[in-house]
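J.: Please read through the structure below; I'll follow up with questions.
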Ligand code: NDP
Ligand code: ZN
């Protein structure tokens with residue numbers, strides 16, 4: 001089969017290889033819609049997870065099951081499924097501790113386009129199909145459902161990690177597709193004021209639609225100074241980081257109140273250290289928690305998130321700014337993600353048969 005791969009750090013191209021064998025618990029799927037991700041760009045062009053040779057890229061797919069293993073109970077060939085970006089080993093000790101995304105070791109549940117071939121291919125393999133696949137609900141467009149693979153669960157996880165609750169002031173740093181889902185997730189969890197940081201006009205407009213009350217441009221000066229100006233010097237209750245770099249943490253700590261939480265879902269692709277400003281961290285005694293996490297996955301959570309779309313509580317159509325058709329347009333989608341033109345939020349590639 002053919003797949004679009006990371007040939008080595010900084011180089012992509014098509015490769016021909018065999019699809020992994022379908023074990024008794026597994027499934028083989030073909031893609032109906034796939035979405036390139038900023039993480040693919042960190043992986044290929046920053047070499048953020050290290051060197052990889054001819055590894056097929058992509059971890060956001062809605063597909064059709066073409067084969068299942070003998071022990072798979074709930075899925076059969078022909079089923080249309082949402083395939084989460086993270087596909088843990090659910091029997092692992094890490095999963096039993098509540099951190100399935102780290103099954104087998106840190107970030108171990110992130111297999112596609114990290115430890116194994118991803119979904120930008122004619123066929124792809126899914127481990128533990130019953131636990132990892134989710135049924136695509138009737139009436140949900142496969143292209144829109146690709147947002148349930150990674151953007152919604154990651155953005156919402158930032159909100160969960162920050163423990164956002166009713167009426168809080170929440171700062172969301174970064175309003176690409178992940179941060180936009182954090183804005184929406186914070187609004188769904190009852191945040192009061194939502195301050196959102198970003199500049200691309202499409203993203204700013206959608207952030208407002210999703211519930212942002214204030215927009216901050218990181219290009220207009222330090223984020224924390226702008227947050228302090230907007231909050232009478234008090235700062236915010238929670239910060240969710242979905243953009244920026246290792247230096248963004250200092251701005252987050254300077255923006256949050258004592259007792260606040262800073263939650264990071266940004267993939268820190270470069271830089272050796274995250275620095276914590278001593279005084280603003282309450283000289284070590286400010287009860288300011290810093291936490292970062294890879295998205296949780298699993299069938300139940302994925303079907304629940306899709307349920308928000310089914311019931312009209314979450315509309316992701318505005319995120320899909322660039323719609324492409326056919327496997328052959330995947331390189332163009334990846335290039336868009338690399339270049340980030342001003343009008344881009346998320347590209348999606350639909351594949352018809
Ligand atoms: P985008 O690049 O589309 O968005 C990044 C956002 O950050 C933009 O709004 C951008 O603003 C803003 N930004 C850029 N520089 C700064 C800065 N110095 N200070 C503050 N804000 C800044 O990324 P995505 O939304 O696609 O992804 C966000 C991150 O999440 C990526 O690192 C991605 O790899 C990661 N990720 C993590 C996952 C997880 O499970 N934890 C899963 C999936 C993705 P502007 O409007 O100017 O462009
Ligand atoms: Zn992704």
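J.: Cβ neighbours within 10 Å, averaged per peptide: list 277-290, 310-323 in order, most packed at the top.
T.: So the peptides 277-290, 310-323, ranked by packing, come out 310-323, 277-290.
J.: Mean separation of Cα pairs under 8 Å and 6+ residues apart, divided by the residue count of the stretch 91-137: what relative contact order is that in percent?
T.: Averaging sequence separation for qualifying contacts and normalising by length gives 17 percent for the stretch 91-137.
J.: What are the extents of the Cα atoms of the stretch 135-203 along their three principal axes, in Å, largest first?
T.: In descending order, the Cα extents are 36, 27, 17 Å.
J.: Consider all pairwise Cα distances in the chain and report the whole-number % of them above 28 Å.
T.: For the chain, the fraction of Cα-Cα distances above 28 Å is 41 percent.
J.: Can you put 120, 4, 115, 99 in order, fewest other beta carbons within 10 Å first?
T.: The order, fewest Cβ neighbours first, is 115, 99, 4, 120.
J.: Hey, fewest Cβ within 10 Å first, where do 255, 263 land in order?
T.: 263, 255
J.: Provide, for q = 0.12, 0.23 Å⁻¹, the log10 of I(q)/I(0) from a solvent-free Debye sum over equal Cα point scatterers in the stretch 84-185.
T.: Treating every Cα as an identical point scatterer, log10 I(q)/I(0) equals -0.50, -1.28.
J.: Let me ask something additional. Treating the Cα atoms of the stretch 213-261 as identical point scatterers in vacuum, please give the log10 of the normalised Debye intensity I(q)/I(0) at q = 0.17, 0.24, 0.28, 0.31 Å⁻¹, two decimals.
T.: -0.45, -0.92, -1.24, -1.42
J.: Ok, one more. Fewest to most neighbouring Cβ within 10 Å: what's the order for 6, 337, 1, 300?
T.: 300, 1, 337, 6
J.: Now for a different question. Could you work out, for the stretch 43-105, what percent of all Cα-Cα pairs fall into each 10 Å distance bin, beginning at 0 Å and stopping at the bin that holds the largest distance?
T.: 17, 30, 40, 12, 0
J.: Follow-up question, since we're still on this one. Plugging the Kirkwood radius over Cα pairs into Stokes-Einstein for the stretch 210-353, at a temperature of 25 °C and a viscosity of 0.890 mPa s, what D comes out in µm²/s?
T.: Taking Rh from Cα pairs, D becomes 134 µm²/s.
J.: Let me make sure I get this right: for the stretch 267-338, a, b and c are the square roots of the gyration tensor eigenvalues over alpha carbons, sorted descending. Under 1.5 in a/c it's rounded, otherwise prolate if a/b > b/c, else oblate. Which is it?
T.: oblate
J.: Quick one: P(r) of the stretch 127-251 from all Cα-Cα pairs, 5 Å bins, percents rounded to integers, in order of increasing distance.
T.: Histogram of Cα-Cα distances, whole percents per bin: 2, 11, 21, 21, 19, 10, 7, 4, 3, 1, 0.
J.: Also, I was wondering about something else. Tell me what the chain gives for mean residue ellipticity at 222 nm when only DSSP H runs of n ≥ 4 count, each as -39,500 (n - 2.57), the sum divided by the residue total, rounded to 500 deg cm²/dmol.
T.: -7000 deg cm²/dmol
J.: Can you say what percent of the DSSP beta bridges in the chain, counting only those with both residues inside, are antiparallel? Round to 5.
T.: Expressed as a percentage, antiparallel bridges in the chain total about 50.
J.: Moving on to the next point. With 5 Å bins from zero, work out the P(r) of the stretch 1-132 over every alpha carbon pair and list the percent per bin.
T.: Taking all Cα pairs of the stretch 1-132, the binned fractions are 2, 12, 20, 23, 21, 15, 7, 2, 0 percent.
J.: Do you know the relative contact order of the stretch 272-353, to the nearest whole percent, from alpha carbon pairs under 8 angstrom that are 6+ apart?
T.: Taking the mean separation of contacting Cα pairs over the length of the stretch 272-353, I get 25 percent.
J.: Could you calculate the contour length gain from residue 53 to residue 311, that is, 0.36 nm times the residue separation minus the distance between their Cα atoms, to one decimal place in nm?
T.: 88.6 nm
J.: For the stretch 182-269, what percent of Cα pairs sit more than 23 Å apart?
T.: 15
J.: Something else now. Rank by packing, highest mean first: peptides 192-200, 204-212, with packing defined as the count of other Cβ atoms within 10 Å averaged across residues.
T.: Highest-to-lowest ranking by the protection proxy: 192-200, 204-212.
A short reminder: the numbers here are calculations on the coordinates, not readings from a lab. Bear in mind that the values here come from a model prediction, so they are computed numbers and not experimental data. So basically every Cβ, Gly included, is an ideal-geometry build from the backbone, and we count neighbours across all protein chains shown.
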